[in-house]
Amino acid sequence: MSMIEILAGPVIGAVIGYCTNYIAVKMLFRPLKPVKIGDRTLPFTPGIIPRGQSRIARALGEAVGEHLLTKEDICGMLLAQETKETVVEAVAGRIRDIQDREDTLEEFLGHYVDREDYDSVKEHLEEFVTEKIGKGLEDLDVGTIIAEEGAKEVREKFSGSMVSMFLNDDLIRSIAVPIGNKVGEYIRENGREKIRPLVVGEIAAAENKPVAELMDSVPLKDEKIRELVEDAYVTFVTHHAEEIAGKFHVEQVVEEKVNQMDVLEVEHLLLGVMKKELNAVVNLGALIGFLIGLLNLLF
């Protein structure tokens, strides 16, 4: 048997294996559209990738959204030193700008809030502060305090005098307790009504003060401002990372982007990742064909 006859089988097997796998790989991407003969569509058309583009898009979206860009990844990106410094510097700079403003608080807020919303927020603030002070006075039980302190003052005032012989604790309590109860009742019924004008006046006074003056009343050095802003930013990101990640809708965005891509773009994308592996599959076909050809010589 000549050398050509010996090599013919393995070489033919290698060529067949190479061509078979090459065609199989090409059929992943080709044809791009269905091939029809009359009303019938040829099997395996379009190629596997064009036909399954929507499934690929969904799978990529799920992979990125669930495994590649998690809550921890979002949190890590937002808390990266460079990102954190950028945010802190921007906010701290804005606060420094506010500290130098000469317009009043009302004028300043007017740049960012329309009049209707401003008046609504102001009214709610007045009600909130009034309610808090009124509730605080009720919880403090001012009537009881007045009764106790009043009784104590009476005892001290008349201690050692002839009147003290007639002022025993029961008598003092019988006078002080009703007075204290009346005071407590008055606060519960009329406290908020009396407090509100004071609250409204204080808020109005604050509105008419320059922003710079209000900021000066709470003196903060630049370093302290940056520290407070950074703490607030870190706390916000840490507690809301999952919510922030959800706002990105990563899975949906990736799926939509892949679906919007042209089939050739998808092919280029996949080949960029898998080209070496696909070439290995083709070459493996040639190797297997060659080995099968050799086995035929032995048997």
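Laid out as a table, the results:
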item	result
Qualifying residue in the range 42-53 (condition: within 40 Å of the chain's Cα centre (by Cα), within 30 Å of Lys247 (Cα to Cα) and among the charged types (D, E, K, R))	no
Among the residues listed as Val237, Val211, Val199, the single one being of a type in the set (A, V, I, L, M, F, W, C), closer than 30 Å to Leu105 by Cβ, touching a helix residue (DSSP H, G or I) at 6+ places or on another chain (Cβ under 8 Å) and modelled with pLDDT of 85 or more	Val199
Single residue of the range 55-110 satisfying the filter (of a type in the set (Val, Ile, Thr) and not in a helix (DSSP H, G or I)) that is modelled with the lowest pLDDT	Thr70
Criterion: surrounded by 12 or more Cβ atoms within 10 Å (Cβ to Cβ), within 30 Å of Arg188 (Cβ to Cβ) and of a type outside the set (D, E, K, R) - qualifying residue of Val91, Val121, Val113	Val121
Single residue of the range 186-215 satisfying the filter (charged (D, E, K, R) and surrounded by 12 or more Cβ atoms within 10 Å (Cβ to Cβ)) that is nearest to the chain's Cα centre (by Cα)	Glu207
Filter result (among the hydrophobic types (A, V, I, L, M, F, W, C) and either touching a residue at least 24 places away in the same chain (Cβ under 8 Å) or in contact with a Lys or Arg (Cβ under 8 Å, 6 or more places away or on another chain) (or both)) within the range 61-87	Val64, Leu69, Ile74, Cys75, Leu78, Leu79, Val87
Of all residues making up the range 240-262, the number that are modelled with pLDDT under 75 and either in a helix (DSSP H, G or I) or surrounded by fewer than 13 Cβ atoms within 10 Å (Cβ to Cβ) (or both)	8
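The values are calculated or read from the model by the stated rules, or taken from the named source; none is laboratory data. These numbers were taken from a predicted model, which means no experiment stands behind them. Neighbour counts are summed over all protein chains in view; Cβ atoms, including those assigned to glycine, are modelled from backbone coordinates with ideal geometry.
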